1. Computing the accessible area with a 1.4 Å probe over protein heavy atoms, can you report the carbon and sulfur percentage for the chain?
2. For Thr175 and Ala36, FRET efficiency with R0 = 51 Å and r from the beta-carbon atoms, rounded to 0.05?
3. Order of 15-23, 66-74, 132-140 by packing, highest average Cβ count within 10 Å first?
4. Would you calculate the volume per residue, in Å³, of the smallest convex hull containing every Cα atom of segment 14-170?
5. Based on DSSP, what percent of beta bridges with both residues in segment 19-153 are antiparallel, to the nearest 5?
6. When the helix-only estimate is applied to the chain (DSSP H runs of n ≥ 4, each -39,500 (n - 2.57), divided by the residue count), what is the mean residue ellipticity at 222 nm, nearest 500 deg cm²/dmol?
7. Which whole-number percent is the relative contact order of the chain (Cα, under 8 Å, 6+ apart)?
8. Of the DSSP beta bridges with both residues in the chain, give the percent that are antiparallel, rounding to the nearest 5.
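The values are calculated or read from the model by the stated rules, or taken from the named source; none is laboratory data. Here the structure is a predicted model, which is why all the values come from computation and not from measurement. When we count neighbours, we look across all protein chains shown, and the Cβ atoms used for this are built from the backbone with ideal geometry, even at glycine. Note: areas computed on protein heavy atoms with side chains; ligands, DNA, RNA excluded. Shrake-Rupley method; radii C 1.70, N 1.55, O 1.52, S 1.80 Å.
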Amino acid sequence: MTDFSAAPQLDRREQHFRIPGPRPGLSLFLRFLPAAKTEFRPNRAVLYVHGATFPSALSIAHRFDGRSWRDALGEAGFDVWGLDFYGFGHSDRYPEMERPATDNPPLCVAQDAAKQLEAAARFILGHQSIHNLSLISHSWGSMAAGLFASAHSALVDRLVLFAPIGRRGPRRYETPAAYPAWRIVTPEDQWNRFVEDVPAHEPPVLSRLHFEEWVKRYLDSDPESRSRDPAGVKTPLGPFSEIIKAWHGQLAYDSCKSPVAGRHHSRRVGRIGVG
């Protein structure tokens, strides 16, 4: 099995933790950047929940022109944590990812990811001696965060849904496709994801120069990525399969059961810095 344990330090103050996850024998990876405190402030922790195809280092912690979203949160007084789900970044890979993709159903579905999120949240609360924390979820991560917040609302101070996946009504006689356990995501796949939904005649959301820098680190997240032709990162397909299900009327969580989401979503977004 490939060793994914050696995580580069993205900031001199960054700390790394490996913790037991819900699956016996598999560990989860957490990166932590304490707040840039210039005065006394109470501990305020925020945990970032990544989306379907890339881990925390390539999202909240990645610096474009020397600055990341994590930096802005730290300056606002938040201790910032990033979790990599099983199969992503520097968390352990599912053993099923060593087998042909068609041998198993999609890996890292929301129910599974919510249990991983719970393990991370309880570790953070104990480590920092606090009673609750904030969550920022990106894209498909909203499903795992929604399930977790519904079941453990006392542990969640506020929940931010950044570009969440919404439910679309099913079309008549149409059912979602079935997917295997994992897939290979190439740099071209990622570029297309970043640009394909930008309306015509609107400026791009990401420059090619920024993307070329980003994609090198993306390929670094899987030590075997450059041995493939074309190069690509092996990625669990549970998240993508659930996005497709959501677009066929089957959302993986019920937002009505998340009192935190109902209480804080629209009012709190600006305060945490989500555009």
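1. Details: 6980 of 13310 Å².
C and S atoms contribute 52 percent here.
2. Numbers: r = 50 Å, r/R0 = 0.97.
For R0 = 51 Å, the calculated efficiency reads 0.55.
3. Working: 15-23: 15.4, 66-74: 17.7, 132-140: 23.7.
Per-residue mean Cβ counts within 10 Å order the peptides as 132-140, 66-74, 15-23.
4. Numbers: hull volume 20.8 nm³, N = 157.
So the per-residue Cα hull volume is 132 Å³.
5. Values: 8 of 17 bridges.
Close to 45 percent.
6. When only DSSP H runs of four or more count, the value is -9000 deg cm²/dmol.
7. Working: 504 pairs, mean separation 59.0, N = 275.
Across the chain, relative contact order equals 21 percent.
8. Details: 16 of 30 bridges.
In the chain, approximately 55 percent of DSSP beta bridges are antiparallel ones.
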